[in-house]
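Participant: Here it is, the structure in full.
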Ligand code: GLA
């Protein structure tokens, strides 16, 4: 038996570092992503090949061991192990992983890989696992326990629930999502890789998440979702600034969804700029290469530009008005369909 599954990357329009604070995000899946070809074998081994990296891995199908490193192998081993806990029977498999998504560019290459792996292995093992929320949680468990990145559910939910032509307004406390149709007219969203690689497992990402948890604890709240600017001001530095970012960013997500529905793209641009300033000054997840890329985007005439993803590197998202030419090497991004068998 042979199957193939595609997991898309994602662009987060706005709502950064809010997901693990039970907050709001507005994101969409994109066409580029990761495709996993899987074939059943019967020798109790999983043989995996990454064609973009030219690397291989082999491990026991019934007992995947931790690799000790957070690279692509940890995703494969972790996914086999976590799906076995859900009842996957896998007598052996040969996997080939193809990707046209730059890794470490803030476009959720991790969620693209884990969702494609999950769908391919589930189809191969014929397990009944269809609920996107359940699948998203399994993908996140792989990141937490096998890769070492304490990520939220933004990326996994977006790639598993993406809808062509729509952004998703995600509420990570209610665990609900609402599609927001994107009628951009001549405007377009583009991303540009800053060239600085980011990896959630080894950057300051986990430290930021821990700071937010500490701030919530000091405020006596379950999460920062209900925190206020007064709460932020009561905390020592830098926790005050971290909370200020989360509180104001949730507000910007609401405003951006409203502006998009109203077709007020100049306002969306202003909100992107404000989000970037907050990520740079309050959340402190920017690096010089990202700042230069934001400046370049504004220089060509973007209505707004900001870093996207976990930070400490990765890509910049910009909103370009009609007639503005995107800089060389940038990628036009439009909302695409969710992870799927192909
Ligand atoms: C990464 C994580 C997400 C989210 C963003 C920041 O992409 O995987 O869960 O926290 O960073 O918004």
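The values are calculated or read from the model by the stated rules, or taken from the named source; none is laboratory data. Predicted model only: the values in this text are computed from it and were never measured. Note: ideal-geometry Cβ built from the backbone for every residue, glycine included; neighbour counts use all protein chains shown.
Participant: Residues in region 98-120 that are within 17 Å of residue 74 (Cβ to Cβ) and either within 11 Å of the ligand (Cβ to nearest atom) or not in a helix (DSSP H, G or I) (or both): how many?
Facilitator: The number of residues fulfilling the criteria is 8.
Participant: Could you tell me which of the residues 7, 68, 78, 87 is touching a residue at least 40 places away in the same chain (Cβ under 8 Å), at positive phi and either outside any strand (DSSP E or B) or within 16 Å of the ligand (Cβ to nearest atom) (or both)?
Facilitator: 87
Participant: Can you work out which of the residues in region 24-39 that are within 16 Å of the ligand (Cβ to nearest atom) and under 28 Å from residue 90 (Cα atoms) is surrounded by the fewest Cβ atoms within 10 Å (Cβ to Cβ)?
Facilitator: Checked region 24-39; the qualifying residue surrounded by the fewest Cβ atoms within 10 Å (Cβ to Cβ) is 33.
Participant: Looking only at residues that are surrounded by fewer than 24 Cβ atoms within 10 Å (Cβ to Cβ) and closer than 13 Å to residue 277 by Cα in region 288-320, which one is farthest from the ligand (Cβ to nearest atom)?
Facilitator: That would be 295.
Participant: Looking only at region 217-229, how many residues end up being touching a helix residue (DSSP H, G or I) at 6+ places or on another chain (Cβ under 8 Å) and in a helix (DSSP H, G or I)?
Facilitator: 5
Participant: So which of 242, 214, 258 ends up being within 16 Å of the ligand (Cβ to nearest atom) and part of a helix (DSSP H, G or I)?
Facilitator: On inspection, the qualifying residue turns out to be 242.
Participant: For residue 160, only one of the following conditions fails: (1) within 16 Å of the ligand (Cβ to nearest atom); (2) in a strand (DSSP E or B). What is its number?
Facilitator: With (1) within 16 Å of the ligand (Cβ to nearest atom); (2) in a strand (DSSP E or B) applied to residue 160, the lone miss is (2).
Participant: Follow-up. Checking residue 323 against (1) buried (at least 16 other Cβ atoms within 10 Å of the Cβ); (2) away from the ligand (no atom under 16 Å from the Cβ): exactly one of these is not met. Which one?
Facilitator: (1)
Participant: In this structure, does residue 62 turn out to be in contact with a strand residue (DSSP E or B) (Cβ under 6 Å, 6 or more places away or on another chain) and either assigned to a loop (DSSP other than H, G, I, E, B) or surrounded by fewer than 24 Cβ atoms within 10 Å (Cβ to Cβ) (or both)?
Facilitator: The answer is no for residue 62.
Residue by residue, here is whether (1) under 25 Å from residue 132 (Cβ atoms); (2) more than 16 Å from the ligand (Cβ to nearest atom); (3) modelled with pLDDT of 95 or more; (4) surrounded by fewer than 20 Cβ atoms within 10 Å (Cβ to Cβ) holds:
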residue	(1), (2), (3), (4)
185	no, yes, no, yes
204	no, no, no, yes
210	no, no, yes, yes
219	no, yes, yes, yes
